[in-house]
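Asker: Below is one structure. I have some questions about it.
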Amino acid sequence: MIKAIFIRNQSGSLVSAKLTGHAGSGEYGFDIVCASVSTLAINFVNALEALTVCTPDLQLDDIAGGYMEITVPQDSSGDVQLLFEAFLLGMTNLAENSSEFVQTRVIEN
């Protein structure tokens, strides 16, 4: 199962997302749920870099996979927050439609 944990700071801004695990909904290379999560996450990072002045801190497990952590500055702009909220929305919708493979949680910090 893929677990996505989003962190909101005290002012309500999203500041990080941690994705862990593997969906296991299909064979390696043909797992559509895994591909969906990867697409949402990579598009979020690419959009931040292309459409804002924010360069996120990105942590990956390049060897085993199944781990990605994205962190943005605490005082990030409205554009960054809009993209982050869109990423959260996509992940939440995916979790609702594929709850046996994806779990999304938001933690207020």
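The values are calculated or read from the model by the stated rules, or taken from the named source; none is laboratory data. Remember, predicted model here, so these are calculated numbers, not experimental data. Every residue, glycine as well, gets a Cβ built from its backbone with ideal geometry; the counts of neighbours run over all protein chains shown. For accessibility, only protein heavy atoms count, side chains too; no ligands or nucleic acids. Shrake-Rupley method; radii C 1.70, N 1.55, O 1.52, S 1.80 Å.
Asker: Can you name every residue in segment 1-52 that is in a loop (DSSP other than H, G, I, E, B) and charged (D, E, K, R)?
Answerer: Glu27, Asp31
Asker: Considering only segment 16-30, I want to know if a residue exists there that is in contact with a strand residue (DSSP E or B) (Cβ under 8 Å, 6 or more places away or on another chain), β-branched (Val, Ile, Thr) and crowded, with 19+ Cβ neighbours inside 10 Å.
Answerer: No, segment 16-30 contains no residue that is in contact with a strand residue (DSSP E or B) (Cβ under 8 Å, 6 or more places away or on another chain), β-branched (Val, Ile, Thr) and crowded, with 19+ Cβ neighbours inside 10 Å.
Asker: Out of segment 73-109, which residues are without any contact (Cβ under 8 Å) to a residue 60 or more places away in the chain and touching a Leu at 6+ places or on another chain (Cβ under 7 Å)?
Answerer: Result: Asp79, Val80, Leu83, Gly90.
Asker: Looking only at segment 46-61, decide whether some residue is within 17 Å of Ser98 (Cβ to Cβ) and at pLDDT below 95.
Answerer: No, every residue in segment 46-61 fails to be within 17 Å of Ser98 (Cβ to Cβ) and at pLDDT below 95.
Asker: Next question, about the same structure. Please identify the pairs in which a residue from segment 3-15 that is without any contact (Cβ under 8 Å) to a residue 12 or more places away in the chain has its Cβ atom under 9 Å from the Cβ atom of a residue that is part of a strand (DSSP E or B) and charged (D, E, K, R), counting only partners at least 6 apart or on another chain.
Answerer: Qualifying pairs under 9 Å: Gly12/Glu108.
Asker: Would you be able to say whether some residue in segment 90-104 is open to solvent by 50 Å² or more (accessible area, probe 1.4 Å), modelled with pLDDT of 95 or more, assigned to a helix (DSSP H, G or I) and farther than 28 Å from Gly26 by Cβ?
Answerer: The answer is no, given that none of the residues of segment 90-104 is open to solvent by 50 Å² or more (accessible area, probe 1.4 Å), modelled with pLDDT of 95 or more, assigned to a helix (DSSP H, G or I) and farther than 28 Å from Gly26 by Cβ.
Asker: Something else now. Taking segment 66-89 on its own, how many of its residues are open to solvent by 70 Å² or more (accessible area, probe 1.4 Å) and either polar (S, T, N, Q) or in a strand (DSSP E or B) (or both)?
Answerer: 2
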